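Q: Handing you a structure now.
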Amino acid sequence: MLNKNNKILPFVYLLPTAILLTIFMIIPILYTFYLSFFDWNLIAPTKEFVGLKNYIEVFTDPVNQKVILNTLIYIIFLVILNFVIPYFISLIVKFFISKMQGTYKVLFFIPSLFSLVVGAMIFTWILNPVSGPLAYILKAIGLTMPNWSNSGILAITVICLITNWKVFGYNFILLLTGLGSIPKNIIDAARIDGIPKWRLVWNVILPMNRGIAIYVLILTIVQGLQYVFTPINVITTGGPYYGSSNVIYQTYLNAFVLYKTGTSSALAITTFLIFLILLFLEIKFVESRDKDYV
Amino acid sequence: MFKRKVNLWHVLLILIVLMAILPILFMISNSFKTLQDSYSSMLSLIPKNPTIDNFLTLNRQVNLLGLTWNTFLMATIVTLGKLLTGLLTAYAFRSYQFRGKMLIYLLFVATIFVPFTIVMIPNYLVIAKLDLLNNVVGVALPQLCDATGIMIFLKTMEKIPNSLIDAAHIDQIPNRKIFFNIVIPILKPSIVSVGAIFFINSWNEYVWPTLILKDKGSFTLPLALQNYISSEGGTNFPLAMALSTIMIILPLLIYLIFQKYILNSISNSGLK
């Protein structure tokens, strides 16, 4: 039974969060929306109203177009590396082996404890095309390591691999937990009927685990695009020629390197609108119906 | 029952373990190698001439104690703030029925979908106005509440039997006491594990601190490490790896101690 009498007290408990969210999230979002209609450089005393110019620039400027295309490539790579592969592995660990599940969980998670700056540093060492250990091994078998930092697509691949190193274990655990909450009698019944394991996974397990899978998938995109910021900034700073920049990094460059707050804000609002579509999908498919306040 | 064949899947899984762990082992090993050895015996995990010179050099070049203190202070403020706001918010949701509850809940979910880029300019301006640039307090201030924490606490609080709270109400125990003397003790395991996760994440944070901390004296460990990485290939890796090794000690220790709780809380955060 919930206490329905007290009208004021719940809001007292909510007050600290409400104040913080208002000052550091709600007002900032509105202010960024406001800034997206102006030309400004973060310092000048006046802002010039330019209407929709910044938004038109988001879609017509060749650099921004390239960055939007890169963002799509990032999304594809991130979904494969940080969602599909951990999902596959969690299915293996849950249904195809019978021992050491706990050990794999503990070990897979370890890289999640470390900063992406550490990850970026280690991988620039491993993948150094001239003097790194991988180049050394490749040379021993007669291959040469490509100079990946000169190619946008290869740089994107490396950057995604670095975030994969960090978030693999985390996503693996979330997906494994989801698989663990599927009632065992359903799986047993299918087993008794002699249905092949992969068939069982495809026809029963995946549909039943859809909620958490969509949650992890959406989080992979929303957080992944932000996670890659660190390796981009540490290793490539968006280069070669914006080849490894994405919409998040470009927003930062415009604001704090090029001092174009208008373009930056328009990019940020555009990103937010896309994330809101993902939020809508999350609420529709994931936030469960059994919560009495949803 | 004699079909004990080796399960080949373990080969794949052990390979993944190696990919996860080996980079860290090599990093630790390299931080005890001389620059020369880091090239000549690159693939060996045991340093040929183990040395702590890299750590001594680091200690001359940067203020290790100051860096660690800045990082620790920032992570502690962020963790305490997130725990307090999270517990209070979850308690309000657990214990009261009020108007707009569903809307407020969805608003919290929505905060997870707010890209940091949309708040970074205004928040930067606010922190600058408060004269908190180059101060870890300025880094911590905008991130004192966290939706994931609220959700994990809410899930744990929902398991507290209503009869317990009702009994306390009947005994006329004031709400404040119910919160501090009944709810908080029951939640101790999840407070510890969520706190550990908050602390580790904040300890490792990079993006927002780079905007606020420009002065080297105010740097946190990840920012200092970035200064040792050069994209042109001139990085002194043993040195950078020594700094990284220092950086990972605390998160690793926390994980060793609270591993079971931490993994449980992460599982909980995903249970929908």
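Q: Using a Cα-Cα cut-off of under 20 Å, which aspartates and glutamates could be cross-linked to residue B:129, ignoring same-chain neighbours fewer than 8 residues away?
A: Qualifying aspartates and glutamates at Cα under 20 Å: B:215.
Q: Let me ask you something else. Take each complete run of DSSP H in chain B, measure how far its Cα atoms stretch along the helix's own axis, and keep only those covering 18 Å or more with mean Kyte-Doolittle hydropathy at least -0.5; list them. Mind showing how you got there, number by number?
A: Numbers: long enough: B:9-30 (31 Å, 2.37); B:64-95 (46 Å, 1.11); B:116-129 (19 Å, 1.51); B:188-203 (22 Å, 1.04); B:237-270 (39 Å, 1.37).
Once both thresholds are applied, what remains is B:9-30, B:64-95, B:116-129, B:188-203, B:237-270.
Q: While we're looking at this one, here's another question. Using Cα centres only, tell me the gap between segment B:73-122 and segment A:28-52 in whole Å.
A: 28
Q: Run the reach check for residue B:214 against aspartates and glutamates, Cα to Cα strictly under 19 Å, same-chain hits fewer than 8 apart removed. What comes back?
A: B:131, B:205
Q: Normalised by the residues of segment B:1-116, what does the relative contact order come to in percent, with Cα pairs under 8 Å and at least six apart? Write down the numbers at each step before the final one.
A: On the way: 34 pairs, mean separation 15.9, N = 116.
It comes to 14 percent, rounded to a whole number.
Q: When Lys and Arg each count +1 and Asp and Glu each count -1, what net charge do the other residues less than 15 Å away from residue B:116, Cβ to Cβ, add up to? Before the final figure, lay out the partial values.
A: Values: positive: none; negative: B:146, B:205.
For residues surrounding residue B:116, the net value is -2.
Q: Given the C-alpha centroids of segment A:141-206 and segment B:199-220, what is the distance between them in whole angstrom?
A: 32
Q: Still on this structure, I have one more. Mind checking which aspartates and glutamates have their C-alpha under 17 Å from residue A:94, skipping anything on the same chain fewer than 8 residues away?
A: Once the sequence-local aspartates and glutamates are set aside, what remains near residue A:94 is A:188.
Q: Let me check against my output: what whole-number percent is the relative contact order of chain B, with C-alpha pairs under 8 Å and at least 6 apart?
A: The normalised contact order for chain B reaches 31 percent.
Q: Now, a different point. Please tell me which of these pairs span more than 23 angstrom C-alpha to C-alpha: A:99/B:260; B:159/B:260; A:66/A:139; A:284/B:155; B:155/B:188?
A: Working: A:99/B:260 18 Å; B:159/B:260 19 Å; A:66/A:139 34 Å; A:284/B:155 20 Å; B:155/B:188 14 Å.
Violating the 23 Å Cα-Cα cut-off are A:66/A:139.
Q: Any idea what the dipole of segment B:62-270 comes to, in debye rounded to 20, about its Cα centre with Lys/Arg Cβ at +1 and Asp/Glu Cβ at -1? Can you show the working numbers first?
A: Working: 13 positive and 8 negative charges, 97 e Å.
Dipole about the Cα centre, nearest 20: 460 debye.
Q: OK, next. Among B:104, B:76, B:254, which residue has its Cα positioned farthest towards the positive end of the charge dipole of segment B:62-270, with +1 placed on the Cβ of Lys and Arg, -1 on the Cβ of Asp and Glu, and the dipole taken about the Cα centre?
A: Of the listed residues, the answer is B:104.
Q: Now, a different point. Placing unit charges on C-beta atoms (Lys and Arg positive, Asp and Glu negative, everything else neutral), compute the dipole magnitude of the protein assembly as shown about its Cα centre in debye, rounded to 20.
A: On the way: 39 positive and 20 negative charges, 313 e Å.
In total the dipole reaches around 1500 debye.
Q: Considering the options B:95, A:68, B:217, tell which one lies farthest towards the positive end of the dipole of the protein assembly as shown, charges being +1 on Lys and Arg and -1 on Asp and Glu at the Cβ, about the Cα centre.
A: B:95
Q: Which residue, chosen from A:276, A:17, A:213, occupies the Cα position most advanced towards the positive end of the dipole of the protein assembly as shown, where the dipole is computed from +1 (Lys, Arg) and -1 (Asp, Glu) charges on Cβ about the Cα centre?
A: So the residue we want is A:213.
FYI, it's all coordinate maths here, none of it is from the lab. Keep in mind that what you see is a predicted model, and the values were worked out from it rather than measured. Backbone-built Cβ (ideal geometry, glycine too); neighbour counts: all protein chains shown.
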